[in-house]
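Taken together, the values in this text are just the output of simple stated rules run on the coordinates, not laboratory data. Note that this is a predicted model, so its numbers are computed, not measured. Methodologically, a virtual Cβ is constructed for each residue, glycine included, from the backbone with ideal geometry; neighbour enumeration extends over all protein chains shown.
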Amino acid sequence: MKKENTIIVALAVLAAIIAATWLILVAPGLTGNEVNMTRGVTQQSVDHFDLHMIVLWICVVIGIGVFTVMFTSIFLHRKSKGHEAAKFNHSTKAEIIWTIIPVLILVFMAVPATTALVRMEDSSGAEMTVKITGFQWRWKYEYLDQDISFISSLDQASNAARQLNSGVVPDSVEDYLLNVDKPLVLPVGRKIKFLITADDVIHSWWVPALGWKRDAIPGFVNEAWTNIEEPGTYRGQCAELCGKDHGFMPIVVIALAEDEFEAWVSEQLAKTSQNDQQVTLR
């Protein structure tokens, strides 16, 4: 009878934990309400996602083990069945076990975490460099290898709709508060270094699909790098409260195939040359 009780309790606890895990991890995905990390479009973001999932499942396994033992012990050794608390104050064997096991778990988690961190900080071998400067409340992008620079601000449609008594319904604006007038255009399959700073207060440049964010600090330059694997449009935000319009300085990154990016670069250089000629004529 005792064995049957143990099995019943263990199965009940296991079923409850599995159900909770399913509700947390699987159900949101089925309904389109994602609560997990985004997998991203760079190797860095994939590494971070995989590391997150490894740690998450380690915690799930630990939780299942701990709560199964706890609830089973509570049920099978309750006072109403005549059980009494054991009288002891020290167990060297138990202390060794509950010290060694957590240390091994931490080492198992630390190895991939350290590897990912070292890789994330290594910007050597970059094929191009982009300087990002944060302002209230816009971003300046400078392509240091192509002599291209521009300022990126909230797009005109969103800016008009956000004004008080504008008469514009925000829902009528596509990608409301997420679009910019001049996106950052980058090539796919090329290692790109970013030099990130600010000109006034602290900002933070964050695009979730790239798998990292960096603070933009006045008088200080932070480095980061990326290598985008898939063409597309990726959106982000300033992730550091920087004043009254903090919520209105989105980030848009457009990743293009190599030939399309080179065509874009040529187009920008031609526009710059034309503008310089017009200024000279004046």
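Details
- Dimensionless Rg over Rh [region 128-281; C-alpha; Kirkwood]: 0.98
- Of the DSSP H helices in the chain, those whose Cα atoms cover at least 27 Å axially and whose Kyte score averages 0.0 or more: 2-25, 43-76, 92-121
- In the chain, taking the dipole from charged Cβ atoms about the Cα centre, the farthest positive-side position among Trp139, Phe261, Ala85 is held by Ala85.
- Value at 222 nm in deg cm²/dmol, rounded to 500, when DSSP H runs of n ≥ 4 in the chain each add -39,500 (n - 2.57): -15000 deg cm²/dmol
- As a length-normalised measure over Cα pairs under 8 Å and 6 or more apart, the relative contact order of the chain settles at 18 percent.
- One quarter of the convex hull surface built on the alpha carbon atoms of region 92-132 amounts to 4.3 nm², the projected area averaged over directions.
- DSSP-defined antiparallel bridges as percent of all bridges, the chain, nearest 5: 70
- The chain: Cα Rg divided by the 2.2 N^0.38 Å rule of thumb: 1.44
- Among Thr99, Thr68, Thr272: highest mean-square fluctuation, GNM of the chain, C-alpha pairs under 10 Å: Thr99
- Most mobile listed residue (Leu184, Leu154, Leu11) in the chain, GNM with C-alpha springs under 10 Å: Leu11
- Using a Förster distance of 51 Å, the FRET efficiency for Ser73-Val221 (Cβ separation, nearest 0.05): 0.35
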